[in-house]
Amino acid sequence: MILAIDIGNTNIVLGCIRDRKILFSERLSTDHSKTGLEHAITLKMVLDLHQIDPKEIDGAIIGSVVPPLTGLFQDALMKITGHGAMVVGPGIKTGLNILMDNPAQVGSDLIVGAVAGIAEYSLPLVLIDMGTATTICVIDSKKNYIGGMILPGLRVSLDSLTSRTSQLPRISLDPPKRLIGKNTIECMKSGILYGNASCLDGMIDRIEEDLGEPVTVVATGGLAQKIIPLCRHSIIPDDELLLKGLLLIYEKNTDRKED
């Protein structure tokens, strides 16, 4: 059994995988203030919640876009499992052909998602990750990672809007009752939710036009479920995409398979 951990700017996704089956997937808030011991306690509590003995874990892999937390989680994993963790980064085999000006600048989360997407879905492929930032990655029909887009995430946009205006309140992200709002709250909900959905639809249209062919679209991230139902394009939700990618990369860099 391996423990896979994806450390993002807003959330940390973790799950145990055995026989290529994801036993659980949990999402924690990214907390920069905790020590390695505190992260170890949190991980132990999650494992206990799912009745998993840390001694059953014989490997771990971390994908992280928050470098200060990477080492802390390595220490935490060593404390509770007795094993070190593989970290996605330079020197790790991914099998991904990255056609970018500087491949080293591509975030580990984007690489992990692309590895899983190529293995799971038909090409060409558009991967959308809706977190602190909304990232859009494009994989062509020859399995090349050819680039993408980065735009402010839904919550970042909303927080910026409310913090820079005197009369606009903080709101929940429940879908509005109608497209055309009849009060301030409805107008804000419609703008942030339908606005983001329209943005994704428009970007997909432009990507298909640029490639000259239709694409498969997959979305992950904590906010994807808020936006996908409002999009006009068919978008496949996959909350476990990054865990699947971490498993595949783990297997590429070890002699053992989880099957």
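All of the numbers you see were taken from the coordinates with simple rules; none came from a lab. None of the values given here were measured: they were computed from a predicted structure. Cβ atoms come from the backbone with ideal geometry, glycine included; neighbour counts cover every protein chain shown.
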### Query
Hey, in the GNM for the chain with a 10 angstrom Cα cutoff, which one of Leu243, Leu151, Leu223 fluctuates hardest?
Leu151
### Message
If you take every residue apart from Asp205 with its C-beta less than 15 Å away from the C-beta of Asp205, what net charge results, scoring Lys and Arg +1 and Asp and Glu -1?
### Response
-3
## Note on the structure
Between the modelled labels at Gln167 and Arg27 (7 Å from Cα along Cα→Cβ) the distance in nm is 3.4
### Summary
Helix-only [θ] at 222 nm, the chain, -39500 (n - 2.57) per DSSP H run of 4+, per residue, nearest 500, equals -12000 deg cm²/dmol
### Summary
Classified through the alpha carbon gyration tensor (a ≥ b ≥ c as square roots of its eigenvalues; rounded if a/c is under 1.5, else prolate when a/b is larger than b/c, else oblate), the stretch 75-168 comes out oblate
### Message
Roughly how far apart, in whole Å, are the Cα centres of the stretch 188-219 and the stretch 61-124?
### Response
26
### Summary
In whole Hz, the Karplus estimates of ³J(HN,Hα) for the stretch 245-254 (6.51, -1.76, 1.60; θ = phi - 60°; x where Gly or Pro) are x, 4, 4, 4, 5, 4, 5, 5, 10, 9
### Query
Around Gly107, what is the net charge, scoring Lys/Arg as +1 and Asp/Glu as -1 over all other residues with Cβ under 13 Å from its Cβ?
-3
### Summary
The correct pair for the stretch 148-259, radius of gyration to one decimal and Dmax as a whole number, both in Å and from Cα atoms, is 18.0, 60
### Task
With 10 Å bins from zero, work out the P(r) of the stretch 129-203 over every alpha carbon pair and list the percent per bin.
17, 43, 25, 11, 4, 0
### Query
Give me the log10 of I(q) over I(0) for the stretch 1-158 at q = 0.13, 0.14, 0.16 Å⁻¹, as the Debye formula computes it from C-alpha points; what are the numbers?
-0.66, -0.76, -0.97
### Query
Between Lys34 and Arg206, what FRET efficiency follows from the Cβ-Cβ distance if R0 is 45 Å, with the result rounded to 0.05?
0.65
### Message
Please check: in the Gaussian network model of the chain (C-alpha springs, under 10 Å), which one of Ala104, Ala60, Ala85 has the largest mean-square fluctuation.
### Response
Ala104
### Query
Share of antiparallel DSSP beta bridges in the chain, in percent to the nearest 5?
60
### Query
Around Leu173, with a cut-off of 11 angstrom between Cβ atoms, what is the net charge of the other residues, counting Lys and Arg +1 and Asp and Glu -1?
+3
### Query
Can you tell which of Asn144, Asn196, Asn183 shows the greatest fluctuation in a Gaussian network model of the chain with Cα springs below 10 Å?
Asn183
### Message
With the crude spin-label approximation of a point 7 Å out along Cα→Cβ, what separation in nm comes out for His83 versus Ile41?
### Response
2.5
